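Presented below is the structure to which this report refers.
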Amino acid sequence: MKPKDVVSFAGRNITQKKTQSLLTIIGIVIGILAIVSLISLGYGVQNYITEEISKAGASVITVYPSQQITSIAMSKNFNDRDLKAVEDVRGVDVVLYGWFGGTQVTYHDQEYYSSVFATKSSTYQIFFTEAYGYELEKGRWMKDSDKYTCVIGYSLAHDTFDREIDIGDKIEINDKKYKVVGILEQIGNPDDDNSIVIPYEAASEVFDVDDEYNMFMVKIKDGEDVTKVSEDIEDELEDSRGDENFSVLTAEQLAESINSIFEVLTIFLVGVAGISLLVGAVGISNTMHMSILERRKDIGILKALGAENNTILSIFVVEAGFLGLFGGIVGTILGILIAKAIEYVAAIFGYGLIRAWISWELIVGVLVFSFVVGILSGYFPARSGAKLNPVDTLRGE
């Protein structure tokens, strides 16, 4: 039997049992749909974060008081001696220091838990305008002479509370009112768009810290070797702190560190989605088994006409592969549509970092994968069908 005849025979078997084939395909559709949408969104977020961090180029080094970013709250904080050590490193241009944390914010009797960054006002303006290109939507930057003033993110001003916050309005942090002097342009990152920046002088009232810092952001001078400067910072901080429990990350290293976290999360979610695909694979296997039982006489006739076991095996394996491929095509289309819909809705609510990553590699890879899943699921039932005795099948046994 020619290859095209094998394909034609397998296709006819599928179309003859449309309902059964459709129910089998649904299991594959659900699994592939979940995998495509999760991979698309997972890598989309990673790519966005990498792009945002890369906007600062190789000129920014971030320093945390712990070797694990997730355990900063339990670490030994930086002090003025550590700050001086970093500022004195050759090649360092500006050091943005301060305390980053979360607290309850009140505006017109509405409460919201927001991230707050207490830092030196003039340094904050220089750093974020030069290194990241942040601009204000309206208002002005804070001055070093300010204390109870703040600059807030775009979403916090426009979307968080029932009533929009405007320049001159006051928000309450720890029972103290702060006058809004500036509103940042929309950045797309919900952490930044919902954040508040206050002068470091107010940190003692908000976070109960004094001359302590849990973050340094270092801008190096043009033309300097970022690797050399980061190594020098490590050496100076080790001498200043007397330990090695801190992290000095370049923009590239920071992106890799964050991406590694998202990769683990994406793998976990895809693994969960794979359970649905496994159910679909079992469905294909069951369908092929039933199909072989129903077509025993057809198998006997084919064998009586001279068809070999490999030919019978090929017919049913190709049929199973088609079921997997059809499910993969529909699942891929729906997965892309769902990922794009989530991206659209997220953008409306100010979560611009949630983006769908679609590529030909993803599409082709998923379709090949679904076809292989179908073949593997149908192989063993097909092999048992190919070994049937033609005399017994023609007798209906």
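Please find the FRET efficiency linking Thr106 to Phe380, where r is the Cβ-Cβ separation and R0 is fixed at 51 Å, and quote it to the nearest 0.05. Could the numbers behind the result be given before it?
Numbers: r = 64 Å, r/R0 = 1.26.
With R0 = 51 Å, the Cβ-Cβ based efficiency is 0.20.
If you count, for each residue, the other Cβ atoms within 10 Å and average over each peptide, how do 324-331, 177-184, 214-221 line up from highest to lowest?
So the peptides 324-331, 177-184, 214-221, ranked by packing, come out 324-331, 214-221, 177-184.
For the range 193-275, what is the accessible area per residue in Å² when the probe is 1.4 Å?
49 Å²
Using a Förster distance of 35 Å, how high is the FRET efficiency between Asp169 and Thr50, based on the Cβ-Cβ distance and rounded to 0.05? Working shown, then result.
Working: r = 36 Å, r/R0 = 1.02.
Taking R0 as 35 Å, the efficiency between Asp169 and Thr50 is 0.45.
With the crude spin-label approximation of a point 7 Å out along Cα→Cβ, what separation in nm comes out for Thr311 versus Leu23?
For the pair Thr311/Leu23, the computed spacing is 3.2 nm.
What is the gain in length, in nm to one decimal, between Leu278 and Ala347 on full extension, counting 0.36 nm per residue of separation less the C-alpha to C-alpha distance?
21.5 nm
Can you flag which of Lys147/Lys170; Lys120/Lys221; Lys138/Lys177; Lys177/Lys219; Lys84/Lys179; Lys176/Lys219 are past 24 Å Cα-Cα?
Listed pairs above 24 Å: Lys177/Lys219; Lys84/Lys179; Lys176/Lys219.
Using a simple spin-label model with points 7 Å from Cα along the Cα→Cβ vector, what separation in nm is obtained for Lys176 and Glu252?
Taking the two extended label points, one gets 4.2 nm.
Extending each Cα 7 Å along its Cβ direction at Ser122 and Ile261, get the distance between those two points in nm, one decimal.
3.4 nm
The values are calculated or read from the model by the stated rules, or taken from the named source; none is laboratory data. All values derive from a computational prediction rather than experimental measurement. We place every Cβ from the backbone using ideal geometry, glycine too, and count neighbours over all the protein chains shown. Each accessible area value is taken on the protein alone, full model and side chains, heavy atoms only, with ligands, DNA and RNA left out. Shrake-Rupley method; radii C 1.70, N 1.55, O 1.52, S 1.80 Å.
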